[in-house]
Each structure stands twice: as C-alpha cells, then as structure tokens.
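Right, one structure below, let's go through it.
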Amino acid sequence: MKKNPVTLESYTVLFVFLAFFAVFSLEMGVANFLNTMINTSFYLLLNVAFWIMGVAVLTGAMAGVFSEFGIIALVNNLFRPLVKLLYRLPGVAGMGAISAYVSDNPAVISLYKEKEFRKQFKPYQIPVLCNLGTSFGMGLVIAIAFLTLQTQYEGNFFLATGVGVFSSIIGSVVSVRILMHYSKKHFNVPKDEPYLKKMNGDEFLRDTREGSFANRILESSLDGGKNGVDIGLQIIPGILIISTFIIMITNQEPTDGYTGAALEGVGYLPSIGQYLMFLFKPLFGFTSPEAIAFPLISLGSAGAALGVVPEFLDKGYIGIRDIAVFTAIGTTWSGYLSTHVGMMDALNARVLTTKALFAHTIGGLVSGVVANYLFQLIILIIE
C-alpha cells in the first residue's frame, strides 16, 4: 500500500460521509437512522448472506464431486461450441452459468475453486466469471416466482417470463464481452490470441483421490463444501454494506412513521425516478414511476425486488410487459452491487472490480431494453 499525506481526497471523503449522515438523520432522526442501518444489516446477514452461503456450500459440494469424477471435463466438451461463440470462453463456463441460474451468483465461484474447472481458463478469462455467473444468478427463482402469478393475474406470464430469460442471455453476453475487453487490456493479451487454452502434457489428465468410490464422493463433497463456506464469508461485507445503503435510499417511510426497524428508508430513489420517466419509458416501457423500484432494488437483491411485484400488480403500476422487463433485469443484475466486490475478490481480480460493475450495469440495461421491444414485437406478430 502507498503512504500518502492528508490531501484533498481526505476532506472530500469526510464531507461526503457527514453529508450522508446528515441527510438520513434529518429525515429519519439520528436514533432511528442508526437503528435502521444496524437492523437492516442484521436482517441481510440472516436472510440473504447466510442463504447465499448455504447455496455456496451446496454448489461447492456439487463442484467437488463433478471435479472428482470428470463431469467438468465432460461438460466442457458438450458446451464448447455454444459458449465459445457467445462468450469466447471454454465450454465449462456453461456449467458456471447453469449452477448460478439454479442457485445464486457465487455458485460460479464454488466451481472456480476446483482445479479441474479453473485449469480450463486463461488468466484474463478468470475475472469475467464474475459477470457470467451474476448474469444468471437466481434466474430459476425469479422465473418461478413470476410464473406462479399466472393463476392470480391476467396476462401471458409464460410468454413474458420466456422473453425475459432470453433477454437476460443477451445482456449476459454484453456484460461478459465488455469486461473481457478490459481484462485483456489489463493482462496485455494480443488481439489475435486464441480463445481456448491449449492443454499440454498431463493437463489433459485429472487428479483423483485414493480410496473407494463412496469415500471419494464423501471427501470431494466435504472439501467442496468448505470452499463454499470461504466464499460465503468473503461476500458478506459487500452484501451488508451495499444492500443496506440501496434499501435505505429506496424503501419508503412506514405509514406509522419511523421506528428504527429493519428495511425502513427515505424513498429518494423512486422520487428521483419520477423525473427520469422520459428516459425509462422509451427504454423499458414503464408507465408508472413506481416500476423503477424493481430494477433499483435488484441492484442490491433480486429476491427482495420480487416482494414488490404483487403489490404493483394489485395497484396497476405494472402490466404484463413489465414482467418481461423485470425478469430480464432481475436475472441479469441479480443483486450484483451486493456480491460483485466479494466475488471479484474471491477471483483475485479486485483491480478490475470497477470495470466489472460498469460492464454489468450496461448488460442489465441492455437486457431490459431487449425484453421491452422483443415482447412488443411478439405481441404484434401473434395478434
């Protein structure tokens, strides 16, 4: 680390901190602000961070078993043509996308911890695993949550959800390709370098444990699960710090006033969003400023964002087209502000974190725009 004297940035950071403290304290009261901040952080620890750690442990165990018994090598051969075409990555990256889709963002990190998975990638390709996994995180949960609304509300939720899932793939390609550009520059990779790593000698061979079939399954799953625990611990700071801030500037004041409870907020972002409808309406097709809350909350937690959808449908804030856009943005972003810092740290790519955040922001916006116009096009065709 560099040793620097007190400079202008010292005063700037102090001013921003005091301004942040003053804004929330004047709105909520000092005691309520501090209590809400602590209680929200604790809520996120119990209900989000530990849940993600549980996912990471299970996917880590799966990755350990897959690595031990050669499934990773098999998947690499199956997915190679498609993954190479879309993402310029080894075929085994497809397993990372699938594991994140059925669980959550850090699932891809559990795979990365396995040597058999990691050895397929070149150094500059490792950082983009963060954006690839996050592009599909909680995708199955989001899709199921919207499909279950089919029986309660009017509209073709199956079509909307399908359009959203397809659009999220488009967004993932944009996010990965942008970050790949910056990663290549960081690693000084020539433009004409092949995308696939050339395997030499015993790199074609996989390491296996000694012992019986049952012992190998048990040991590989337990070792993989331990990697999941490490991943869960690494991403906790990012989840608690960033999600707490996002939630507190997005959620509204309770009807009975501030009490210092978890998840209370000042509601500034939706208020600001009203003045940005001229931008959100042509991009995403939103007809109500309240709809902006879903993508904003998705920045910190896609699971939390799902909670506002039934209320929005009941009040007429959103329609079936918005479900397609929500599916796309929720799947692509899937709380990336909460997990990106920790995931990039786990990938030993902290230096590219800001580039990863920028690339993923663009990817999520693209997926929402594609979902909006693709859904309108399909409706015009079928009607």
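Here are the numbers:
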{"quantity": "Qualifying residue in region 59-71 (condition: touching a helix residue (DSSP H, G or I) at 6+ places or on another chain (Cβ under 9 Å), assigned to a helix (DSSP H, G or I) and modelled with pLDDT of 85 or more)", "calculated": "no"}
{"quantity": "Check on G54, closer than 19 Å to A356 by Cα and either out of contact with any Lys or Arg (no Cβ under 7 Å at 6 or more places or on another chain) or not in a helix (DSSP H, G or I) (or both)", "calculated": "no"}
{"quantity": "Candidate set from region 241-260 (those that are at pLDDT 80 or above and touching a helix residue (DSSP H, G or I) at 6+ places or on another chain (Cβ under 6 Å)); member that is surrounded by the fewest Cβ atoms within 10 Å (Cβ to Cβ)", "calculated": "G260"}
{"quantity": "Odd one out for L179 among (1) surrounded by fewer than 24 Cβ atoms within 10 Å (Cβ to Cβ); (2) in contact with a Lys or Arg (Cβ under 7 Å, 6 or more places away or on another chain)", "calculated": "(1)"}
{"quantity": "Test result for S175, in contact with a Gly (Cβ under 8 Å, 6 or more places away or on another chain) and either assigned to a helix (DSSP H, G or I) or in contact (Cβ under 8 Å) with a residue 60 or more places away in the chain (or both)", "calculated": "yes"}
{"quantity": "When residues of region 103-132 are limited to those that are modelled with pLDDT of 90 or more and part of a helix (DSSP H, G or I), the one surrounded by the fewest Cβ atoms within 10 Å (Cβ to Cβ)", "calculated": "P123"}
{"quantity": "Extreme residue, surrounded by the fewest Cβ atoms within 10 Å (Cβ to Cβ), among residues of region 261-299 that are aliphatic (A, V, I, L, M) and more than 23 Å from the chain's Cα centre (by Cα)", "calculated": "L279"}
{"quantity": "Complete set of residues in region 68-87 that are hydrophobic (A, V, I, L, M, F, W, C), closer than 25 Å to L218 by Cα, in contact (Cβ under 8 Å) with a residue 40 or more places away in the chain and surrounded by fewer than 22 Cβ atoms within 10 Å (Cβ to Cβ)", "calculated": "F69, A73"}
{"quantity": "Residue in region 144-156 that is within 25 Å of the chain's Cα centre (by Cα), surrounded by 18 or more Cβ atoms within 10 Å (Cβ to Cβ) and either modelled with pLDDT under 85 or outside any helix (DSSP H, G or I) (or both) present", "calculated": "yes"}
{"quantity": "Helices (runs of 4 or more DSSP H) wholly inside region 313-383 containing at least 2 residues that are under 24 Å from F187 (Cα atoms) and out of contact with any Leu (no Cβ under 9 Å at 6 or more places or on another chain)", "calculated": "336-346, 353-382"}
{"quantity": "Cβ-Cβ under 6 Å pairs, at least 6 apart or on other chains, region 88-102 side outside any loop (DSSP other than H, G, I, E, B), far side modelled with pLDDT under 85 and of a type in the set (S, T, N, Q)", "calculated": "S99/T59"}
{"quantity": "Some residue of region 261-271 being of a type in the set (S, T, N, Q) and either in contact with a Pro (Cβ under 8 Å, 6 or more places away or on another chain) or modelled with pLDDT of 80 or more (or both)", "calculated": "no"}
{"quantity": "Test: residue in region 180-194 that is within 24 Å of the chain's Cα centre (by Cα), of a type in the set (G, A, S) and either more than 19 Å from L357 (Cα to Cα) or modelled with pLDDT of 85 or more (or both)", "calculated": "yes"}
{"quantity": "Residue satisfying condition, being in contact (Cβ under 8 Å) with a residue 12 or more places away in the chain and either more than 19 Å from L179 (Cα to Cα) or of a type in the set (V, I, T) (or both), within set L313, L365", "calculated": "L313"}
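The values are calculated or read from the model by the stated rules, or taken from the named source; none is laboratory data. Computed from a prediction, not measured in an experiment: that's the story for all the values here. All Cβ positions, even for glycine, are placed from backbone atoms using ideal geometry, and neighbour counts span all protein chains on display.
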